[in-house]
Amino acid sequence: QRVLRVQLLEAADLVAKDQRLGGLVRGRSDPYAETRAGGSRFRSRVVREELNPRWNESYEVIVDDVPGQDVEFDLFDKDIDKDDFLGRWGTGGDWGVSGGLISPSLQWLPLQDVRSGRLHVRLESLEPRPSPELLDRVLHTNALLQPQHGPELSAALLRVYLDRAADLPLLKGSQPPSAFASLAVGDASFRTKSCPPCTEPVWDEGFSFLIRRPHLETLELQVRAEAGPALGSLTLPLARLLPRPGLGTDGWEPLAGGGRILLRAQLGVLVPLEVEEGAARRGPEGGDPERPQEEEEEEPRGEEDEQRGAGGLRQRLVPADRRPQPTQGPRVLLSLRFQREQRRLVAIVHSCRDLRAASKDLPDPYVSLVLLPERSRATKRKTGVQKRTLNPEFNER
């Protein structure tokens, strides 16, 4: 299994469906997109009165490694009665299950069955890897890539295989139950088939979950009798899997309430192209996973190092032998990334250290950002306020 990440970026030159003054004045459309992939369907938000809409939305779906799977996009103009067709585009069942970036990130795709219109998307096939050393960098990169609209990007795939249960509790004089198991991680849940009445049910079923924060999420499992009470439960924090070989566990686990269950649970880190390229630049010895990706250097180029990130960020960095050591005193930790496809600058304010109090009372600090040269409400952002501290933690985007 893999995870297909679909980035619906924008469209251009769409057909105007809402005519004005009987067609004397060029009209507009209220476009939205429907995306179908891996048996799932996603619908974007509607952009009002726009022929060049920008959605900047991402969708993720778990897909099997089998050929012939389509990714299709249909665009419509939202109307009160019946929505008008604005064009479509499909991969024709060949989007590259071998992994990696499926279509060039800057490619515009011509819409079909309409006289004009182009669609800008990015498809990426992410293969789960048992690579805990990359997890922190993936989480950091996901925070920079996170679209303004839609759910948080996934950092890992959890695959759970349920084999059987044993020694399930029975009330005295009761009949063996017809048992099934339910599994949940956050809002995602599944259940197995119900087995014939017995105390050692065999399911032999597998399930997969998209995981956004492996350090914080938990697998909740219950074994229940059909139309009856719970027979046992298991709470498995995914953080328990991170230090284990292969990021997994395989064996018998005790059930709270009685009995035990035989299962295999394994995490796989979803490594996007941006992390792949960063790891390749650092070489086999790797880099410090705690450093923001944008601070990693490429090989020197003349007087200064020039770095161009996969998302379009370019920095001029002082060579390592002339880079000043971190200063003492007030300082702020930031991550900056320019997302070329979305034409957007992303800033993450992580924390401040050693701030100075203006009085004997501890301050309530916040960070204000302004994009120069303009000084308007549209170019200003502000973090939340942290109470009474000289070392605030923000981690705000």
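The values are calculated or read from the model by the stated rules, or taken from the named source; none is laboratory data. Just so we're clear, the structure is a prediction, and the values are computed from it rather than from any experiment. As a convention, Cβ positions derive from the backbone with ideal geometry for all residues, glycine included, and neighbour counts pool all protein chains shown. Note: accessible area is taken over every heavy atom of the protein model, side chains too, but ligands, DNA and RNA are not part of it. Shrake-Rupley method; radii C 1.70, N 1.55, O 1.52, S 1.80 Å.
Among the candidates SER189, SER194, SER178, which residue alone is in contact with a strand residue (DSSP E or B) (Cβ under 9 Å, 6 or more places away or on another chain) and open to solvent by less than 40 Å² (accessible area, probe 1.4 Å)?
SER178
When the residues of the stretch 208-225 are narrowed to those that are part of a strand (DSSP E or B) and in contact with an Asp or Glu (Cβ under 8 Å, 6 or more places away or on another chain), which ends up farthest from GLY38 (Cα to Cα)? Reasoning before the result, please.
At the first step, the residues of the stretch 208-225 found to be part of a strand (DSSP E or B) are 208-211, 218-225.
When the remaining residues are screened for being in contact with an Asp or Glu (Cβ under 8 Å, 6 or more places away or on another chain), the result is 210-211.
Details: LEU210: 14, ILE211: 18 Å.
Among residues in the stretch 208-225 that are part of a strand (DSSP E or B) and in contact with an Asp or Glu (Cβ under 8 Å, 6 or more places away or on another chain), the one farthest from GLY38 (Cα to Cα) is ILE211.
Answer yes if at least one residue in the stretch 94-107 is farther than 18 Å from ARG28 by Cα and at pLDDT 90 or above, and no otherwise.
no
I'm trying to understand the selection: among the residues of the stretch 353-383, which are within 15 Å of VAL332 (Cβ to Cβ) and open to solvent by less than 100 Å² (accessible area, probe 1.4 Å)?
Within the stretch 353-383, ARG353, ASP354, LEU355, PRO363, PRO365, VAL367, SER368, LEU369, VAL370, THR383 qualify.
Scan the stretch 197-216 residue by residue and report those that are open to solvent by less than 50 Å² (accessible area, probe 1.4 Å) and closer than 25 Å to GLU152 by Cβ.
PHE207, SER208, PHE209, LEU210, ILE211, PRO214
May I ask you to verify whether LEU390 is more than 25 Å from GLU274 (Cβ to Cβ), modelled with pLDDT of 85 or more, open to solvent by 40 Å² or more (accessible area, probe 1.4 Å) and not aromatic (Phe, Trp, Tyr)? Talk me through it step by step, then tell me what you get.
Numbers: more than 25 Å from GLU274 (Cβ to Cβ): yes; modelled with pLDDT of 85 or more: yes; open to solvent by 40 Å² or more (accessible area, probe 1.4 Å): yes; not aromatic (Phe, Trp, Tyr): yes.
For LEU390, the condition - more than 25 Å from GLU274 (Cβ to Cβ), modelled with pLDDT of 85 or more, open to solvent by 40 Å² or more (accessible area, probe 1.4 Å) and not aromatic (Phe, Trp, Tyr) - is met.
Give just the number: which of (1) crowded, with 17+ Cβ neighbours inside 10 Å; (2) farther than 30 Å from GLN146 by Cβ; (3) touching a Phe, Trp or Tyr at 6+ places or on another chain (Cβ under 8 Å) does LEU219 not satisfy?
Only one criterion in (1) crowded, with 17+ Cβ neighbours inside 10 Å; (2) farther than 30 Å from GLN146 by Cβ; (3) touching a Phe, Trp or Tyr at 6+ places or on another chain (Cβ under 8 Å) is unmet by LEU219, namely (2).
Of these, ARG28, ARG5, ARG54, which one is within 21 Å of HIS120 (Cβ to Cβ), over 16 Å from the mean Cα position of the chain (by Cα), at pLDDT 90 or above and not small (Gly, Ala, Ser)?
ARG54
Identify, by number, the condition in (1) surrounded by fewer than 22 Cβ atoms within 10 Å (Cβ to Cβ); (2) in contact with a Gly (Cβ under 6 Å, 6 or more places away or on another chain); (3) not in a loop (DSSP other than H, G, I, E, B) that ARG159 doesn't meet.
Among (1) surrounded by fewer than 22 Cβ atoms within 10 Å (Cβ to Cβ); (2) in contact with a Gly (Cβ under 6 Å, 6 or more places away or on another chain); (3) not in a loop (DSSP other than H, G, I, E, B), ARG159 violates only (2).
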